[in-house]
Amino acid sequence: MMKRNLSPLDKISIVIIALLALVPFQGFVYDLFMMKVFCFAIFAASLNLLLGFAGLLSFGHAAFFGMGAYISAYVMKEWGLTPELGLLCGVLCATVLGYVFGALAIRRQGIYFAMITLALAQVIYFLATQVPFTNGEDGIQGVPRGQFLGLIDLSTSTHMYYFALVVFALAFLMIKRIVSSPFGQVMKSIRENEPRAISLGYDVNRYKLIAFTLSAGLAGLGGALKSLVLQLASLSDVFWHTSGEAVLMTILGGIGTLWGPVAGAAIIINLQNYLANLGGWSTIATGAIFVVCVMAFRRGIIGEIAYRLKIKL
Amino acid sequence: MFELLGITPQALVSQLLIGLINGSFYALLSLGLAVIFGLLNVINFTHGAQYMLGAMVAWIGLTQVGHWIGMPEFQLNYFVALFLAPLIVGLFSIVIEKTMLKRLYHLDHLYGLLLTFGLALVIEGMFRHWFGALGNSYPVPELLQGGFRVGELFLPYYRLWVVFLALLVCFATWFFIERTSLGSLLRAGTENPRLLQALGVNVPLIVTLTYGAGCALAAFAGVMAAPIYQVTAVMGSNLIIVVFAVVVIGGMGSIAGAIVTGLGLGVVEGLTKVFYPQASSVSIFVIMIIVLLIKPAGLFGRSN
Amino acid sequence: MKKTAIATLAASCFLAAAMPVHAQTVSDNEVRIGVLTDLSGIYSAIEGPGAVLAAQMAARDFGGQVLGKKIVITSADTQSKADLASSKAREMFERDKVDMIVGNVSTASALAAMEVAEQFKKVSIVTGAASLQITNEKCTPYNVHYVYDTYALSRGTGKAVVDSGKKTWFFVTADYAFGHTLERDTTEVVVANGGKVLGSVKHPINTQDFSSFMAQAQASKAEIIGLANAGGDTIGSVKQAAELGIMNSKQTVVPLLMFTSDIQALGLKQTSGMTFTEGWYWDHSDANRKFAERFMKEFKGKAPTSPQAGVYSATLQYLKAIDAAKTDNSDAVMKQMKAVEINDGLFRGKIRADGKFEHDMFLLEVKKPNESKNPNDVAKVIKVIAAKDATLPLAQSKCKLVTN
């Protein structure tokens, strides 16, 4: 095994995971809340991957999130598959959908790309309202937590939490690997200077498509995990507001950082929870955060911290 | 033949007419958006909220202002609102542009989109908080009530008024931008602001006024919508992505494109409501996908 | 090294700050009732904050205490979304140790909350949602459906209209489970009473423009245009039907589900003469009026809607059941609730084995603008529909609690 120095980012990551592992033993944070954060953090991270490393903003990522949620909810409830297989099915379907959508959208740039992804997601939303297996407005409810590998019962809150934490940690490890891999380096060069990358002989569209597909699969993982944690897959998962929320989380946390999406997800979900009983305040606060981020805080919270400390986060 | 499709020719024609009416409304709404994007390169997501503000100002003028100034009988009627609401909303939008939007011009237009999206949420949240979710009813002005029968169909005067006014304003805007010298100044400002500035034209002022005018167009559409749709805080957010789709399909820089697409969309949506009504909300997006695949810059767009 | 330490510290502080500081008060010396409903979304006028007030009034009227334990009312907002309903219900039961949840307007969120309640073996009482499924196919042993359902609406409004001689119908239906169920139940009534359904059109939920659908209804020449939708969709349909001149002697628009809050939003001019069915109306009896007056004092002069009155009554009954059963154990309480005859001045009837609260329904007619003495005075009761006529007979029920 190669011995290499752990970067500050690696060290911080280990500390964070360790802290998260202690959550079930304290009484301050509700573990369901934390698990919800994991799901949305993965979702936001998938968008971050696309935006921060490939420079593509998608407005339709809820389609993959929702697809992951519906498919895994369905196979776990109707076919009785175990959770890890359920997640796998969700991710696979989201990935395939991502490849198809990506192939259609990649050829366009900027706002046109964003609008095509939005339009495709709206089609998925429409299909979700019509197709019988999704149960329309009711959604797929009562998804069983099942038994991991047929051995560990996940209906206990603590077991479910650790399962979710492991999935979360693996997802982020994978993202980190992708970013620092040769593929990630090429993506970065494409984002920074596309014409030069083309002149160097890289098939830019193919790289973008791969990035998009990976991002879709990751979003699907977030959705699948969510359907397991909350035991429900519903139309909200595919609605365009959910795509918008993910964009907000990504920006709030900091585009291009690893932990940004987690911070963004934690803050937004927390905010929505607290303000939910106060009428329109939740929307007002969400909007205000968007405005503040764009005007003054463009690096996002984690991005800002990383900038000040001159390290990568 | 028509009977096989399950619909009589008269019914089909009446649906097409309704479609055209709605289409002219979409055209008016997308016009403001197209102007702002075409001339400023700003994707104004606040458009839906500004549309709602127009309707709200009209409603407040009609029902609330009297109470505020102690003269309950006092009313700002519909026709006054048609002028006043766009003015108020336009001024408000100018403030937004001068304090916030201006600072983002040098960045990727993503940021403008995100800012305007955030502002839309704030504005809508505030109105939802004050006025609740069900909203308020705004009556059709007395002068325009009633209608006439064309065969089986009853055409309300008000809807015809909407078509007339919308097409008038659309044409006037198009004419102003594409055919007058002031309009050509605006267009020059988009293509080469520095040169224009060097020639002594106050470009920032023009930009600000254009933004205000585009938003005023949204508010104008809002006042026109108030007697037809319920005046609620979320009336804009329901429409905004459809309007965006219209502008994108028409070609983001093109005024004529927005108008033609708006009308076309109204007709397509009308037909969908007859043959496959559940899909009426999604028909525009399917069209957008098809159009963008064939013509990447939209039907009338200029690719740059 | 120093930078890493600072960074780690910053990250931990950050994470800690981002976490909600909810001290878990695990107090089982309290009876906790959670009002779980749409507080800020599309159906918030039907129950909303008024429902929370209603529950608080019930707790106060009961004396603030039951079996010596304090009564605590909490609330959470579902925004009529199934996933929020599910997670909020779970939060209430798991983290906040709530004993009973009451409320819910959208059927989807009601079903989601019921599911979670069954999992945790806690009582759920649905007051605002409509679908018959709640006590039919989707019934649970811990659930009560309190105020009304689609069966009652069809037997009320549907039957009354057909009996008045108007036999041909056209439906404008919201394209989701509730709309479909309401259309189906009303069609049954229409056909069983000699009427005919000439056609129907399904529109997406939250549609803005109904002109096309109304034109299709008009073209069908049906005497009755039945609106199988709710909230904003009903309001939009009525408004645009009026605009297109459909409300005349040849055709009538009948909203199959309408609340007093919808009438107030539309105004009496557009709605006068319409008939609708409710499980309770504030101006019907002295007891109702007394309750309404007390409610209005604390609720900006707005009279309670039927679901809000339902929340009050349901909360009161729940507390009475705990008192009588001498425990807050859900099985015992449910048994008690289904055993007694309920008569609290607002509602009178009995909760059946499938959880349906069988009580009289009321057919109302919207008043003309000059008949109305104040903004709350919107309708009058024209017929009382007996409980047994308004409720699905147990013999026809598909509820698993009844069919075995």
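All of the numbers you see were taken from the coordinates with simple rules; none came from a lab. None of the values given here were measured: they were computed from a predicted structure. Heads up, the Cβs are rebuilt from the backbone with ideal geometry, glycines too, and the neighbour counts pull from every protein chain shown.
For chain C, modelled as a Gaussian network with Cα springs under 10 Å, which listed residue fluctuates most, C:T207, C:T157, C:T181?
C:T207
If you bin every alpha carbon distance in the range B:64-210 into 5 Å steps from zero, what whole percent lands in each bin?
Going from the shortest bin to the longest, the percentages are 2, 7, 9, 13, 15, 15, 14, 11, 8, 5, 2, 0, 0.
Using a 10 Å cut-off around each Cβ, can you sort B:V223, C:V189, A:V131, C:V102 from fewest to most neighbouring Cβ atoms?
The order, fewest Cβ neighbours first, is A:V131, C:V189, B:V223, C:V102.
List the relative contact order of the range B:25-232 as a percent without decimals, with contacts defined as Cα pairs under 8 Å and 6+ residues apart.
Result for the range B:25-232 is 46 percent.
Could you tell me whether the range B:24-148 comes out rounded, prolate or oblate from its Cα gyration tensor? Rule is a ≥ b ≥ c as square roots of the eigenvalues, rounded for a/c under 1.5, then prolate if a/b exceeds b/c, otherwise oblate.
prolate
Can you put C:T403, B:T208 in order of Cβ neighbours within 10 angstrom, beginning with the fewest?
Fewest to most other Cβ atoms nearby, the residues stand as C:T403, B:T208.
Could you tell me which of the pairs C:K81/C:K338; A:K310/B:K98; C:K202/C:K338; C:K159/C:K400 are separated by over 31 angstrom between their Cα atoms in the structure shown?
Too far apart for the 31 Å limit: A:K310/B:K98; C:K202/C:K338.
Rounded to the nearest 500, what is chain A's calculated 222 nm mean residue ellipticity when only DSSP H runs of at least 4 contribute -39500 (n - 2.57) each, over all residues?
-23000 deg cm²/dmol
Could you identify which residue out of C:T315, C:T234, C:T74 has the top mean-square fluctuation in a GNM of chain C using Cα springs shorter than 10 Å?
C:T74
Give the residue list of chymotrypsin sites (Phe, Trp or Tyr not before Pro) in the range B:1-80 that are DSSP loop and have at most 16 other beta-carbon atoms within 10 angstrom.
Filter output for the range B:1-80: B:F74.
Treating each Cα of chain A as an identical point scatterer and ignoring solvent, apply the Debye formula and state log10 I(q)/I(0) at q = 0.14 Å⁻¹.
-1.10
Compute the relative contact order of chain C as a whole-number percentage, counting only Cα pairs closer than 8 Å that sit 6 or more residues apart in sequence.
With pairs under 8 Å counted, the relative contact order is 16 percent.
Net charge near C:S285: determine it from the other residues with C-beta under 14 Å of the C-beta of C:S285, scoring Lys and Arg +1 and Asp and Glu -1.
-2
Kindly identify the protein assembly as shown as rounded, prolate or oblate by the Cα gyration tensor criterion: order the square roots of the eigenvalues as a ≥ b ≥ c, call it rounded if a/c is under 1.5, otherwise compare a/b with b/c, prolate if a/b is larger, else oblate.
Judged from the Cα gyration tensor, the protein assembly as shown comes out oblate (a/c at least 1.5, b/c at or above a/b).
Roughly how many debye, to the nearest 20, is the charge dipole of chain B about its Cα centre, given +1 on each Lys and Arg Cβ, -1 on each Asp and Glu Cβ, and no other charges?
540 debye
In nm, to one decimal, how far is the modelled label at A:L22 from the one at C:D28, with both set 7 Å along Cα→Cβ?
Using points 7 Å along Cα→Cβ, the separation is 3.0 nm.
Under the rule a/c < 1.5 gives rounded, and otherwise a/b versus b/c splits prolate from oblate, where does chain B land using the Cα gyration tensor?
Cα axes put chain B in the oblate bin.
Of C:K196/C:K302; C:K122/C:K350; C:K290/C:K398; C:K167/C:K383; A:K226/B:K273, which pairs sit farther than 28 Å apart, going by alpha carbon to alpha carbon?
Violating the 28 Å limit, Cα to Cα: C:K196/C:K302; C:K290/C:K398; A:K226/B:K273.
Test of the criteria: in the range A:15-112, which chymotrypsin sites (Phe, Trp or Tyr not before Pro) are in a DSSP loop and have at most 11 other Cβ atoms within 10 angstrom of their Cβ?
In loop regions of the range A:15-112 (DSSP not H, G, I, E or B), the sparsely surrounded chymotrypsin sites (Phe, Trp or Tyr not before Pro) are A:W79.
Counting Lys and Arg as +1 and Asp and Glu as -1, each charge on the Cβ, what is the dipole of the protein assembly as shown about the Cα centre in debye, to the nearest 20?
2040 debye
Please return the longest stretch of chain A lacking exposed loop sites, where trypsin sites (Lys or Arg not before Pro) count only if DSSP places them in a loop and at most 10 other Cβ atoms lie within 10 Å.
The longest uninterrupted stretch comes out as A:5-309.
Restricting to the protein assembly as shown, compute how many DSSP beta bridges are antiparallel as a %, nearest 5.
45 percent
At 222 nm, what value in deg cm²/dmol follows for chain B if DSSP H runs of at least 4 each add -39500 (n - 2.57) and the sum is divided by all its residues, to the nearest 500?
After summing the helix terms and dividing by the residues of chain B, the value is -23500 deg cm²/dmol.
For the range A:41-171, just list the percent of Cα-Cα distances falling in each 10 Å bin from zero outward, please.
12, 38, 32, 16, 2
Once the Cβ-Cβ distance between C:K388 and B:F74 is put in as r, and R0 is 51 Å, what FRET efficiency do you end up with, to the nearest 0.05?
Using R0 = 51 Å, I get an efficiency of 0.40.
Placing +1 at every Lys and Arg Cβ and -1 at every Asp and Glu Cβ, with all other atoms neutral, what dipole size does the range C:33-179 have around its Cα centre, in debye to the nearest 20?
So the dipole magnitude of the range C:33-179 works out to roughly 280 debye.
Can you give the local net charge around C:H359? Use residues other than it whose beta-carbon is closer than 12 angstrom to its beta-carbon, Lys and Arg +1, Asp and Glu -1.
Residues close to C:H359 contribute a combined charge of -2.
With point charges of +1 on the Cβ of Lys and Arg and -1 on the Cβ of Asp and Glu, referenced to the Cα centre of the range B:25-232, which listed residue (B:L134, B:L40, B:V95) lies farthest in the positive direction of the dipole?
The listed residue farthest towards the positive side: B:L40.
Given a 10 angstrom Cα cut-off, can you work out which residue in A:T250, A:T156, A:T213 is the most mobile in a GNM of chain A?
Among A:T250, A:T156, A:T213, the largest mean-square fluctuation in the Gaussian network model of chain A belongs to A:T156.
Which of the trypsin sites (Lys or Arg not before Pro) found in the range C:331-375 are loop residues per DSSP with 11 or fewer other Cβ atoms within 10 Å of their Cβ?
C:K373
Apply the Karplus parameterisation 6.51 cos²θ - 1.76 cosθ + 1.60, with θ equal to phi minus 60°, to every residue of the range B:102-119 and state each ³J(HN,Hα) to the nearest whole Hz, in sequence, with x for glycine and proline.
Karplus values, whole Hz, x for Gly and Pro: 3, 6, 9, 4, 7, 9, 3, 5, 4, 5, x, 4, 5, 4, 5, 5, x, 4.
Once you keep just the Cα pairs under 8 angstrom separated by 6 or more residues, what percentage relative contact order results for chain A?
32 percent
Can you name the helices of chain C, as whole DSSP H runs, whose Cα span along the helix axis is 15 Å or more and whose Kyte-Doolittle mean is not below -1.0?
Helix filter hits for chain C: C:2-18, C:48-62, C:82-94, C:107-120, C:177-192, C:231-243, C:306-325.
With viscosity set to 1.306 mPa s at 10 °C, what whole-number translational diffusion coefficient in µm²/s follows for the range C:305-404 from Stokes-Einstein and a Kirkwood radius over Cα pairs?
Reported coefficient: 101 µm²/s.
Mind checking B:227-238 for the average number of partner chain beta-carbons within 10 Å of each residue's beta-carbon?
Per residue, the average neighbour count from other chains is 4.
Evaluate the distance, in nm, between pseudo-label points positioned 7 Å from the Cα of A:Q130 and of C:K326 along their respective Cα→Cβ axes.
6.1 nm
Arrange the following residues from fewest to most other Cβ atoms within 10 Å of their Cβ: C:D354, C:D360.
Least crowded to most crowded, the residues run C:D360, C:D354.
Once all Cα-Cα distances of chain C are split into 20 Å bins that start at 0, what whole-number percent is in each one?
27, 54, 16, 3, 0
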